[in-house]
1. Scan region 261-282 and report the pairs whose first residue is crowded, with 18+ Cβ neighbours inside 10 Å and whose second residue is among the basic types (Lys, Arg), with Cβ atoms within less than 8 Å and a gap of 6+ or a chain change.
2. Looking at MET195, MET189, MET200, MET277, which one is of a type in the set (A, V, I, L, M) and under 30 Å from LYS169 (Cβ atoms)?
3. Just one of MET123, MET96, MET115 is at pLDDT below 80, buried (at least 16 other Cβ atoms within 10 Å of the Cβ) and on the phi < 0 side of the Ramachandran plot; which is it?
4. Would you check if LEU250 is of a type outside the set (Val, Ile, Thr), in contact (Cβ under 8 Å) with a residue 60 or more places away in the chain, touching a Lys or Arg at 6+ places or on another chain (Cβ under 9 Å) and closer than 30 Å to THR318 by Cβ?
5. Residue by residue through region 209-248, note down the ones that are touching a His at 6+ places or on another chain (Cβ under 6 Å) and under 13 Å from HIS284 (Cβ atoms).
6. Go through GLN81, GLN140, GLN147 for me and flag whichever is loosely packed, with under 11 Cβ neighbours inside 10 Å, outside the structural domain of MET298 (by TED's automatic domain parsing) and at pLDDT 80 or above.
7. Residues in region 146-164: is at least one in a helix (DSSP H, G or I) and more than 29 Å from the chain's Cα centre (by Cα)?
8. Taking region 273-297 as the region of interest, how many residues are touching a strand residue (DSSP E or B) at 6+ places or on another chain (Cβ under 7 Å) and farther than 27 Å from TYR241 by Cα?
Amino acid sequence: MNQPKHYIYDEDSCRFVPVESNKRELFLLSMSLWILNGMVFGAIFLSLISTFYATPAELALKAENDFLIEEVEDSKRTMTQLMGQLDDLAAQDNEMYRSILGLNEIPMAERNASMGGARAPEMDLSVAPSTAQLLAEARQSVRQIEQRIRIQNDSYEEIKRYFNTNSDKLKHIPAIKPVDNVLTSAYGMRTHPVMGYKTMHGGVDFRSEIGSPVYATGNGTISSRRYAGTYGRMIIIDHGYGFETRYAHLSSYVEGIQEGQRIERGDLIGYTGNSGMVSGPHLHYEVLRNGKHVDPLMYLFANTTPEEFKLYQELAATDHASMD
């Protein structure tokens, strides 16, 4: 195929004459144009690749970042659970230990003092703003947990010091479960199982078979041992320091136990039964402080785990009927 010819106008001859081209120069010019076009299109191609596709190293780094973010999220969820457990410990500390011992409660505002909200994340160009915020919240949660643990430890140290200087009083405070059975009915307004109407249930009920052992919950003196109408066979212990406990619906008393007898915590005093007005065999247990009924649930701390205490609280919130 013939190469196309190019012409120029020759003023001397007043006509167009063909241009004689150097083949070597034409080849070099063509190659230069091809190379230049290839570089331009190559740059465009690489730009598109880098925009829509990542290198293996970048993919590995992204996977690592995603994993670390998920780990931080998981740690944050765990810390939230720990904060909930610390709330439970704080409530138990205030409502049970400190209240019973007569120590001032530590308000939640004080327990949460110096915490505030999560601080604004510091500018870090190496991470995205959302990631920086997540890390800031995680650091704040750690600081909160450290603060709460320190305050709780200080509270326990105060309780320990109180115990060391008031050991005799603490021996008289009712502090254990009177039976090794499950609590089935809580303190408060409950429907009477026999009469059918709501009335104040001044104690807690422990379901048990007839003849289960009943123990004194603190040191004291037997102030009454008698059949008390709807309460059936009942024992009352005066613990001093304003405390009194009652054990009702017994099937029998321990042989030889008499009014005026000195009792120590853990002594066997009687056996469970169904005497009096009841829906079934159980122990009805009451605690009085300065002549007024109080929730016995708050006086089971010596042999009740935090998990059991929480279950009893849930029962109290959902229970609607008593056994007596």
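The values are calculated or read from the model by the stated rules, or taken from the named source; none is laboratory data. These figures come from a predicted structure and were not determined experimentally. Here the Cβ is made from the backbone with ideal geometry for all residues, glycine too, and neighbour counts use every protein chain on show.
1. Every condition considered, the pairs that remain are ARG265/LYS171; GLY270/ARG233; GLY273/ARG233; SER275/ARG233; GLY276/ARG233; PRO281/ARG207; HIS282/ARG207.
2. Details: MET195 fails: under 30 Å from LYS169 (Cβ atoms); MET189 fails: under 30 Å from LYS169 (Cβ atoms); MET277 fails: under 30 Å from LYS169 (Cβ atoms).
Exactly one of MET195, MET189, MET200, MET277 is of a type in the set (A, V, I, L, M) and under 30 Å from LYS169 (Cβ atoms), namely MET200.
3. Working: MET123 fails: buried (at least 16 other Cβ atoms within 10 Å of the Cβ); MET115 fails: buried (at least 16 other Cβ atoms within 10 Å of the Cβ).
Step by step, each of MET123, MET96, MET115 is checked, and only MET96 is at pLDDT below 80, buried (at least 16 other Cβ atoms within 10 Å of the Cβ) and on the phi < 0 side of the Ramachandran plot.
4. The answer is no for LEU250.
5. Residues of region 209-248 that are touching a His at 6+ places or on another chain (Cβ under 6 Å), as a first pass: 218-220, 232, 239-241, 248.
Across region 209-248, the qualifying residues are GLY232, ALA248.
6. Numbers: GLN140 fails: loosely packed, with under 11 Cβ neighbours inside 10 Å; GLN147 fails: loosely packed, with under 11 Cβ neighbours inside 10 Å.
Criteria check complete, one pass: GLN81.
7. Checked against the condition, which is being in a helix (DSSP H, G or I) and more than 29 Å from the chain's Cα centre (by Cα), region 146-164 yields at least one hit.
8. Restricting attention to region 273-297, the residues satisfying the condition of being touching a strand residue (DSSP E or B) at 6+ places or on another chain (Cβ under 7 Å) are 273-276, 278, 281-289, 293-294, 296-297.
Next cut, farther than 27 Å from TYR241 by Cα only: 273-276, 278, 281-282.
Going through region 273-297 one residue at a time, the tally reaches 7.
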